[in-house]
Each structure stands twice: as C-alpha cells, then as structure tokens.
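Below is one structure, written out as structure tokens; the observations come after it.
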Amino acid sequence: MPRKRVRLEHAVEYLSILDEKGRVDDKLEPDISKQTLLDIHRMMLLSRRLDERMLTLQRQGRIGTFAPAKGQEASQIAAMAALSGDDWFVPAFRETAAMLWRGIPPENLLLYNAGYSEGGAIEEGSHDLPISIPVASQIPHAVGIGYASGLRGLDEVTITFFGDGATSEGDFHEALNFASVLKTPVIFLCQNNHWAISMPRGRQSESRTLAQKGLAYAIPSLQVDGNDVLAVYAAVQEAAQRARDGEGPTLIECVTYRLTVHTTADDPSKYRDEEEVEKWQGREPIARLQTYLKKKRWLSDKQIDKLEKEIEGQVDKAWESAHERIESLSDSQVIFDHVYAETPEYLESQRQSFADRLKEGE
Amino acid sequence: MAELNMADALNLALTQEMEKDDSVVVLGEDVGVDGGVFRITDGLLERYGERRVIDSPVAETALTGVSVGLAINGLKPVCEMQFSGFSYQGFHQMEAHAARMRWRTRGGHTVPMVLRMPYGAGVHALEHHSESKEVFYAHTPGLKMVVPSTPRNARALLVSAIRDPDPVVFFEPKAVYRAFREEVPDEEETLPLGESRVAREGDDLTLISYGAMLHRALEAADTLAEEDGVEAEVIDLLSLSPLDHSRFAESARRTGRVVIVHEAHRTFGPAGEIMARLTEEAFYYLEAPVRRVTGFDTIVPLFAREQDYLPDQERILAAARGVLND
Ligand SMILES: Cc1ncc(C[n+]2csc(CCOP(=O)(O)OP(=O)(O)O)c2C)c(N)n1
Ligand SMILES: [Mg+2]
C-alpha cells in the first residue's frame, strides 16, 4: 500500500463582519465599547491625515522617504485596540497607524522621517520595538519576545506586523515554525495589501491564501477582511485569548490594500492600473466605519467635521514642534552615542576630533 | 558615443550582454515590470522576456542561492540585491557556496555569477539603505569585488564581471548613479577586473580611493593644486578584490606621501589592508605616516546627518596637508 491519503484538515476561514456597504453581521459583532470604537475612529483619521501631511512635506523636501499606511488603518488600529498596553508591538515599516495607537507622538514620527534618530527614541521599559525596514527580519524577534514572556511568567502577548511580500522570506517561515514548536504567545499579523513594491500578490505566491502558510506549521490561521475594523478586532481578540491560554501562536492574514505609493520614492503608474486602486478605494476602512457608527447614532457628520478640524490642528502642531525640535538639534555629535553601552576609547577619540572640527567651524 | 549617466551605462552593459549571450539572465526584486527601483534593468523585460528577466518574490536567500544553481548549470546570472543592506540574507549563499564551489569541486563546478547592488550614503535614503560594507565581500576568498566610479568604467567593468568565470560582487555607488554624464562608446568595451587606474596624475602626494568617494578625492586634489600648488596623484582602485597594489605602491614610492579615502567604516576597513600593502611594498620610500579619511565607526546615521558621517573636503584636505607637512 504505497499510496495512502494523509488526512489533513485544511480549511482557511475568511472573516468579515462589517462589509463595504456598512452592513453588519450581528451574530458576529464583537463586544467593543462605544468609546473604544470612537477612539479607533479618531486614530484612523489621525493616521490618514498625518499620512497626507507627510506626503506633502516629503514633496516639499522637508522630510525624507517614508511608507504611507493609507488604506491599512483598520488592520493596524483595530488589531492594536484588541490588545493591552503591556502586550508587545513588533512592527515592520508601514505601521504608522499602529504606532499612533501605541501613543507614539506624531511629532516623533515626523522627526524620524525628517532624518533624525531622536525621533526613533524609545523609552526604557516600553513594549514597542522600532520600525524594521529589512523585510520580515522582525518576525523572529516577536517569537523571542513571546517565549521570554512565557519563561518570565508574564501575561503578555506579542503581535508582529509584516506584509504579503514578507511571507516569501525565510525569516517568516523559520519564525512561524519556531513559534509553533515552542507554542509561543505570538500573533503574526500579515497585512496583505496586494503589492510588494511592483510585485502583485498573485505573483508573490501561488498559494491561494497567505493564511494557509500557517497551517503548514500547525498554526491556527485565518483570513479576515482587513478593512473591517470589527473583523480585525474580533480575530486579534481571539488570537490573544488563545495566546494567553497557553495555546500558542496564530496567523492572521488581513486582506487590505495599499491605496497609494509603496514609498515616496516609488512610481506605481509603472506597474498598476488606477482602476484597481479605485475599486479598493470603495472598500476603504474609514468611510465604512463611519457608516457603521452613524447608523448606531454614535457619530454624526457634524462631529466628524469637528474631529477633522481638531486633527488638522493636531497635525499642524505636531509639525511645528517637530520643526522646533529640529532647529534645536543642531549638534551632530549624537551620531556617536548609543553605539555601545560604554563608548570605547577609539570611538571616543573619533567623536572628539569630530567635535573639535565642529567647534572650529563655529 | 553617447553621454550617459551611470544608471544608463549599466543598463547599456546589461542590454548588450543579454543581446549577445543568451545565457545571461537577470533576476531580482522589481527588476522586471518596474525596471528596478533605480531603473538599472529598465527595458530588459520588454526586450528579453520573463524567462530571462525574472521578477522574484522578496527572498534574498533564494535569489542568491538560485543564482548559484543557475551558474552551475550553464547560465550567467546577474542578480540584483535591491540595496546592499538587504544582501545579508544572501551573504550566506555567497560565502558558503558561491565563493567555494570551484575550490571544493577542484574546478568541476564553477559559479560565474554577478551579484549587483547599490551601496553607500548621500541620497537621503532610509535606514539600512546607505551602508558601505564592501569588506564583508572583499574579505571572502573566492569572490571578486568590484566598485566602479564613473559611467564609462561602470559599463566596461560590468561587462567584464558578467564574462568572468568567478563570482563577482558588483557594488554600485548609488550617489553616482545620476550625478553626472560621461561619454560611453556604443561599441563594446571591457576593463580587466583587479586593475586600478590613475584618475589624476601628480608627483607630490598620492590619494587612493574608489566608488563615490573617488570624486571627493579628485575635488580635494584640485583644491590642493589651486591653493597649495601641490599635485596629487589620485588612484581609483576599481576592484577591491583582487586588490591591485602595484599601481598605488609605485605611486607611493614616487610621492612618499599617501592618504586613503573611503566611506566604509574605519576599523578593519579597506584602508587597513591598503596600509598593510604599502608597508610591504613601499615602506622605505614613505616620508610620512599614511593617513586615512573614512566613515566613522558608528551606525550610518539617518539622512539628515549622513554628510557628517561621510569623508568631506575639510577632512580630506586636512589629512592631505597633514601628510605633506609631517
Ligand atoms: C530584506 C529586504 N529586501 C528587500 C527590501 C526592499 N523592499 C522594501 S519593502 C519591499 C516589499 C515589501 O512588501 P510587503 O512585505 O508586501 O510589504 P508592503 O511594502 O506592502 O507593506 C521590498 C522588496 C527590504 N526592505 N528588505
Ligand atoms: Mg504588501
């Protein structure tokens, strides 16, 4: 009997609760307070407007290249809202929205994007990691952090974000397998935004879903509508519970869309049609959430207008203070700080000669 | 003859080699439809089709490992790493296999591949996009390591690299990609790997550099001529491995005074090896200790301060005047 069927359970669930028309499946509606939903909404708007402002600032040459989060706000913010501040956040490079939810001041994001590492400073004791630009390289960190939480007896969950492209990297596969074998309390959140620079999702992998890659490692895995705040929240809440119950990792594929450039250095007209973008524009997450909140009478057009004004002011102020900080940050000696806990002698002398030159130049 | 920038000159080299030799294939992230994030492979997909121009998944280990396999089986892969900072997943394949295959099989299998990548600071890029870690490759026996400096030599060296029977790591100074144009002949041109050139003649002082920093060394040489009446010879290394020491050693014996300029970190940087060769080949002719102007031993800073990291005119001139007065 050389050929026997190995029985495997291979099904990937797709979870959608709030559809693009704003209709809700009440049976699946998660228990989220009104206040949390309004906070999520506010943060999504802030992220969107900050993104737009940064695009303008970049075009004016005031800040450098960055990766906009436009269109992916639900995947990021609803996920973070389902976790607590003690849980760990391990981002890739497009997680502006999630970072804002974690309380990172917009001013710091602006400072970082203007090319100053002070903007990337993280307070000691924080459970946020800095952005990680090498694709997929942060995913193993989440597994280590999660395992450490278990070993130290801490009730913490770790969430890590990455893109569809990242699932092609070895780091992704090694990390998933590791987490599964060690049953670490980790949530792998893949934002399938359909593009990895110019590579469409369909050419990144022949797998029908990215979620099914988790099944190969015996990790509970599902797809959710990544532009649906309710579905993302519900999926992450469930995954977090599983992690806290000692049942190990979950892979969540948020199906969403990159509504704008890959980064400000990119020209998508070279590789994708506007029609596709328009189609996804109709499914974008903010308007959808607004419809839902309005139906519940938790939000009105008037309140939205007011909020928009507030946010505009907040973004103005963030840029003002980032700008002021830049003006006050003229001494570049800081490039020698924090290479080591204690600066070795040879490096200190490099700093000294650098500082002497600065002084002479004055 | 056409006036080309380095990006176009590299594109010309790829186009002509693909035209001439069916075994040349190009692979990398975004190299096809997008034409590469720096447009170095622009137009190749349209011309040579998707079997020879492979838009790959985001997977550097596979890109380099697959290139090793392609090369073993009769093709000439030209593999692009989007930035040198993302080549480390592929470094494993280069060190463990590309570099050793000829040696381990006693010549039975060879890996005639080219691993191209942009390196270096100065274009306001993101973190991990501005490093200059050529020593990782130059330190590895079995790999050749090339760093062009101008459109014309970039084109000629890339052609030679593609035709070379050994794996060649080809570092492209991204700050030079579109910095200036130079006459590049239409007809094919090659340059031997492992041979440096004299970029400027002089008898008073020798400046040794390569890649993007060569242009800063040349600028300093002009200033020295103007302000100090000193004629500096400027040597452009072009290859770090094999390292051609005969030319710079000869120059050092003539001038007795040497300054080395590179943007790689200082400690264990290329200047260390160059100084060692000078000690071996020109010690008794040196009239002053050799000096080096390099990137600092810190993380390459974010773009607002990247110029603080890089060797600049002030530092190069101070070192040059220092060795002249020692
Ligand atoms: C290891 C590595 N290789 C290549 C790159 C260049 N790069 C930056 S983003 C990107 C595509 C990533 O796609 P995806 O994972 O889908 O994330 P998205 O950009 O869509 O958020 C590539 C190839 C990189 N940053 N790191
Ligand atoms: Mg993507």
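What's the average, rounded to a whole number, of partner chain beta-carbon atoms within 10 Å of each residue's beta-carbon in A:167-173?
So the per-residue partner count for this stretch is 4.
Find how many whole Å separate the alpha carbon centroid of region B:120-165 from the alpha carbon centroid of region A:300-362.
Between the Cα centres of region A:300-362 and region B:120-165 lies a distance of 32 Å.
From the phi angles alone, apply the Karplus equation (6.51, -1.76, 1.60; θ = phi - 60°) to region A:332-340 and give each ³J(HN,Hα) in whole Hz, x where the residue is Gly or Pro.
Karplus values, whole Hz, x for Gly and Pro: 7, 3, 4, 5, 8, 7, 6, 6, 10.
Compute the distance from the alpha-carbon center of region A:66-140 to that of region A:210-279, in whole Å.
Between the Cα centre of region A:66-140 and that of region A:210-279, the gap is 16 Å.
Could you work out how far helix A:301-327 tilts from the main Cα principal axis of chain A, as a 0 to 90 degree angle to the nearest 10?
Compared with the principal axis, the helix lies near 40 degrees.
Indicate, rounded to the nearest 5 percent, the antiparallel portion of the DSSP beta bridges found entirely in the protein assembly as shown.
If I count the DSSP bridges inside the protein assembly as shown, around 15 percent turn out antiparallel.
Could you pull out the pairs from A:LYS213/B:LYS20; A:LYS270/B:LYS76; A:LYS270/B:LYS174; A:LYS70/A:LYS306 whose alpha carbons sit more than 32 Å apart here?
A:LYS213/B:LYS20
Taking square-rooted eigenvalues a ≥ b ≥ c of the alpha carbon gyration tensor, is chain B rounded, prolate or oblate, where a/c under 1.5 means rounded and, failing that, a/b exceeding b/c means prolate?
Prolate.
Return the calculated 222 nm mean residue ellipticity for chain A, to the nearest 500 deg cm²/dmol, obtained by summing -39500 (n - 2.57) across DSSP H runs with n ≥ 4 and dividing by the residue count.
-14000 deg cm²/dmol
Taking 7 Å along the Cα-to-C-beta vector as the label spot, tell me the A:LEU28-A:VAL181 distance in nanometres, rounded to one decimal.
My value for the distance between the label points is 3.5 nm.
For the protein assembly as shown, just the Cα set please: Rg and Dmax, both in angstrom.
Just the Cα atoms of the protein assembly as shown yield Rg and Dmax of 27.3, 90 Å.
Going by a ≥ b ≥ c, the root eigenvalues of the Cα gyration tensor, does region B:197-325 fall in the rounded group (a/c under 1.5), the prolate group (a/b larger than b/c) or the oblate group?
oblate
Find, among the trypsin sites (Lys or Arg not before Pro) in region A:1-61, those assigned to loop by DSSP (not H, G, I, E, B) with at most 14 other beta-carbon atoms within 10 angstrom.
A:ARG3, A:LYS4, A:ARG5, A:ARG7, A:LYS21, A:ARG23, A:LYS27
Ratio of alpha-carbon Rg to the 2.2 N^0.38 Å globular estimate for region A:189-319, to two decimals, please.
Its radius of gyration relative to the 2.2 N^0.38 Å reference: 1.29.
In degrees, nearest 10, range 0 to 90: what is the angle between the Cα axis of helix B:60-72 and the longest Cα principal axis of chain B?
Rounded to the nearest ten degrees, it is 80.
Can you give me the long-range amide H partners of B:GLU172? Hydrogens built in the peptide plane at 1.01 Å from N, cutoff under 5 Å, separation of 5 or more residues or another chain.
Answer set, sorted by chain and number: B:MET117, B:TYR119.
Using alpha carbons only, what's the Rg to Rh ratio of region B:1-135 with Rh from Kirkwood?
0.97
Using +1 at the Cβ of each Lys and Arg and -1 at the Cβ of each Asp and Glu in the protein assembly as shown, identify which of A:MET80, A:LEU259, A:THR209 lies farthest towards the dipole's positive end.
A:THR209
Across peptide B:31-41, how many C-beta atoms of other chains are within 10 Å of each residue C-beta, on average?
That works out to 3 on average.
Rounded, prolate or oblate for region A:13-330? Axes are the square roots of the Cα gyration tensor eigenvalues, ordered a ≥ b ≥ c, and the cut-off for rounded is a/c under 1.5.
Rounded, because the longest to shortest axis ratio a/c is under 1.5.
Given Cα pairs under 8 Å that are at least 6 residues apart, what percent is the relative contact order of region A:1-110?
Over region A:1-110, the number comes to 24 percent.
Hey, what angle do you get for helix B:6-20 against the long axis of chain B, alpha-carbon based, 0 to 90 degrees rounded to 10?
40 degrees
In percent, what relative contact order does chain B have, based on Cα pairs under 8 Å that are 6 or more apart in sequence?
Contact order relative to length: 16 percent.
About the Cα centre of region B:2-184, how large is the charge dipole given +1 on each Lys and Arg Cβ and -1 on each Asp and Glu Cβ? Please answer in debye to the nearest 20.
So the dipole magnitude of region B:2-184 works out to roughly 680 debye.
Going by amide H atoms built from the backbone, whose H comes under 5 Å of the H on B:ILE235, apart from near neighbours?
Under 5 Å from the amide H of B:ILE235: B:ALA199, B:LEU207, B:ILE208, B:SER209.
Counting other Cβ atoms within 10 Å of each Cβ, which trypsin sites (Lys or Arg not before Pro) in region B:79-132 have at most 11 and sit in a DSSP loop?
B:ARG106
What share of the DSSP beta bridges in chain A is antiparallel, in percent to the nearest 5?
10 percent
For n ≥ 4 DSSP H runs only, could you compute -39500 (n - 2.57) per run for chain B, divide by its residues and tell me the 222 nm figure to the nearest 500?
That calculation yields -10000 deg cm²/dmol at 222 nm.
Mind ordering B:143-153, A:312-322, A:83-93, B:268-278 by average Cβ neighbours within 10 Å, highest first?
Per-residue Cβ counts within 10 Å, averaged per peptide and sorted highest first, yield B:143-153, A:83-93, B:268-278, A:312-322.
Quickly rank A:8-15, A:200-207 as a protection proxy: mean count of other C-beta atoms within 10 Å, highest first.
My ranking of the peptides, most packed first, is A:200-207, A:8-15.
Determine the relative contact order of chain A: mean sequence separation of Cα pairs under 8 Å and six or more apart, normalised by residue count, in whole percent.
Once normalised by length, the contact order is 23 percent.
Which ³J(HN,Hα) values in Hz, rounded to whole numbers, follow from the phi angles of region A:253-268 under the Karplus curve 6.51 cos²θ - 1.76 cosθ + 1.60, where θ = phi - 60° and Gly and Pro get x?
9, 8, 7, 9, 8, 7, 6, 9, 4, 4, 9, 5, 8, 10, 10, x
Report, as an integer, the average count of C-beta atoms from other chains found within 10 Å of each Cβ along B:293-300.
4
All of the numbers you see were taken from the coordinates with simple rules; none came from a lab. Please read these numbers as outputs of a predicted model, since none were measured by experiment. Glycine gets a Cβ as well: all are built from the backbone with ideal geometry, and neighbour counts include every protein chain shown.
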